[in-house]
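The values are calculated or read from the model by the stated rules, or taken from the named source; none is laboratory data. These numbers come from a predicted model, not from an experiment. Every residue, glycine as well, gets a Cβ built from its backbone with ideal geometry; the counts of neighbours run over all protein chains shown. Only protein heavy atoms, including side chains, enter the accessible area calculation; ligands, DNA and RNA are left aside. Shrake-Rupley method; radii C 1.70, N 1.55, O 1.52, S 1.80 Å.
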Amino acid sequence: MAAVVVVSAFLAAALGAAEPCVPRDADCRDFGQWLREIVDSERGEFRANVTVVEVGGRARRASVGGGEAVYPASVVKLVYLVAIARRLDAGAVRATADLAWHIEEMVRHSHNPAAGRVMDVATGTSQGPALAGGEFERFRGRRLALGDEMNRLGAAGIRAHDRIWSRMSARDKQLRRIEGTNAMSTDATAALLAGIATCAFFSRARCQELLTLLNRHVSDETDPRFLPIGRGLPAGARFWSKPGLTAGTHHDAAIVELAGGARFVVVVFLRGKGSDGRVITRIASRIANGFGERRDGAN
């Protein structure tokens, strides 16, 4: 299985250069500084965690706070998507029309009860009354195993055991009291998306199914909060994304392909007062500009 490299890329002012360097330039060195400057240009009371990963090419990386695990909101549904796709590929779960509907609802419409159903199938768990002793430990172990699986795929530190924003059964509440809520870092999220983009985790046919589900267009949603990365991309760009937002959080995670052929993953998590999709849009726009421009100004 191909290793997943958490990467990112980007402009940074070349040391002593009058012109900014861009990711494709061979002499562009300090990608981390470049990304830090982009993030620091956004002022507010929110906290931003950002990771960018170049897919193919020189596979460069950079992040700001990328290793910090925070509440991921609906971005955690990427974990359930990867997990269920791997089980379908292996024949460990049976493909049914009902399961396909729940997967699509989880991804396309971020439907929380559907996500709970997909998580249950992927982990072999179910809702119900509180459990005791060995029964609870088995339930707990199966839910926590999702994080272990993602770690083996190169996405470290993920906690995806908690049923999100839907009616919780007694055993789900029992698990939350002990283990807390879900958590992901932008680095780990970028690793998952890079693995999807390169079909590293499952068959190519399954990979294409996932990309079809994740494919977006800025006209897909009338509410700009739901596609903040996409709204920062130039004409002709394509993107595949999974946003997540609650009161006090605004996240987006996307695979991006520019008209010129550059491919990269960008993940932005915002937390706190002032978390706003427009901030994500501006960050994404500056990153895309870095990949899209040449030093001579040509397109």
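Expressed as a whole number of Å, what is the distance separating the alpha-carbon centroids of the range 215-256 and the range 155-177? That distance is 25 Å.
When nucleic acids and ligands are ignored and a 1.4 Å probe is applied, Lys273 ends up with an accessible area of around 150 Å².
Charges only on Cβ, +1 for Lys and Arg, -1 for Asp and Glu: so what's the dipole of the range 131-275 about the Cα centre, in debye to the nearest 20? Could the numbers behind the result be given before it?
Numbers: 22 positive and 14 negative charges, 70 e Å.
Dipole size: approximately 340 debye.
In units of the compact-protein estimate 2.2 N^0.38 Å, the range 143-299 shows a Cα radius of gyration of 1.14.
GNM, the chain, Cα, under 10 Å: largest mean-square fluctuation among Gly232, Gly124, Gly154? Result for the chain, Cα springs under 10 Å: Gly124 fluctuates most. Using a probe of 1.4 Å, the accessible surface attributed to Arg271 totals some 40 Å² when neighbouring protein chains are kept in position. The alpha-carbon of Lys173 sits under 21 angstrom from the alpha-carbons of these lysines, leaving out residues fewer than 8 places away in its chain: Lys77.
Taking the Cα atoms of the range 77-179, the ratio Rg/Rh between the radius of gyration and the Kirkwood radius comes to 0.95. Using just the C-alpha positions of the chain as equal point scatterers, what log10 of I(q)/I(0) does the Debye formula give at each q in 0.07, 0.08, 0.09, 0.15 1/Å? Log10 of I(q)/I(0), two decimals: -0.26, -0.34, -0.43, -1.13. Computed over the range 109-156, the convex hull of the alpha-carbon atoms projects to a mean area of 4.2 nm². Within the accessible area of the range 30-94, the carbon and sulfur atoms contribute 42%, probe 1.4 Å, all protein chains present. In sequence order, the range 117-133 has phi-based couplings of 5, 5, 4, 4, 5, 5, 9, x, 10, 8, 6, x, x, 4, 10, 10, x Hz under the Karplus curve 6.51 cos²θ - 1.76 cosθ + 1.60, θ = phi - 60°, and Gly or Pro positions carry x. Along its principal axes, the range 254-295 has C-alpha extents of 36, 20, 12 angstrom, given from the largest down.
Backbone phi angles across the range 194-207, fed through the Karplus curve with coefficients 6.51, -1.76 and 1.60 (θ = phi - 60°), yield HN-Hα couplings of 5, x, 5, 4, 9, 6, 7, 9, 7, 5, 5, 5, 5, 4 Hz in residue order; Gly and Pro are listed as x. Heavy-atom accessible area for Leu35, with the other protein chains in place and a 1.4 Å probe, reaches approximately 0 Å².
Protein chains only, probe 1.4 Å: how do Arg142, Arg108, Arg171 rank by accessible area, largest first?
Arg142, Arg108, Arg171
Remark: relative contact order (the chain) = 24 percent; criterion is Cα-Cα distance under 8 angstrom and separation of 6 or more residues. Summing charges over all other residues whose Cβ lies under 11 Å from the Cβ of Val53, with Lys and Arg as +1 and Asp and Glu as -1, gives +1. Between the Cα long axis of helix 31-40 and the first principal axis of the chain there is an angle of about 80°, rounded to the nearest 10.
Close amide-amide hydrogen proximity is noted between Asn182 and Asp162, each under 5 Å apart and 5 or more residues distant or on a separate chain (H modeled in the peptide plane; Pro and chain starts excluded). Based on the reciprocal of the average 1/r between different C-alpha atoms, the Kirkwood radius for the range 45-125 equals 14.7 Å. Taken over the alpha carbons of the range 148-189 as equal point scatterers, the Debye sum produces base-10 log I(q)/I(0) values at 0.22 Å⁻¹ of -0.74. Per residue, the chain reaches -12500 deg cm²/dmol at 222 nm when only DSSP H runs of four or more residues are counted, each adding -39500 (n - 2.57).
When the chain is treated as a GNM, springs tying every alpha-carbon pair under 10 Å, which of Ser241, Ser63, Ser110 comes out with the largest mean-square fluctuation? Looking only at Ser241, Ser63, Ser110, the largest GNM fluctuation is found for Ser110.
For the range 267-278, backbone phi angles converted through the Karplus equation (6.51, -1.76, 1.60; θ = phi - 60°) give residue-by-residue couplings of 10, 10, 10, 10, 9, x, 4, x, 4, 8, x, 5 Hz, Gly and Pro being listed as x.
Dipole orientation for the range 86-210: of the candidates Asn151, Gly141, Thr96, Gly141 has the Cα lying most toward the positive pole (charges on Cβ; Lys, Arg +1; Asp, Glu -1).
Largest GNM mean-square fluctuation across Ala188, Ala145, Ala156, computed for the chain with C-alpha springs under 10 Å, falls on Ala145.
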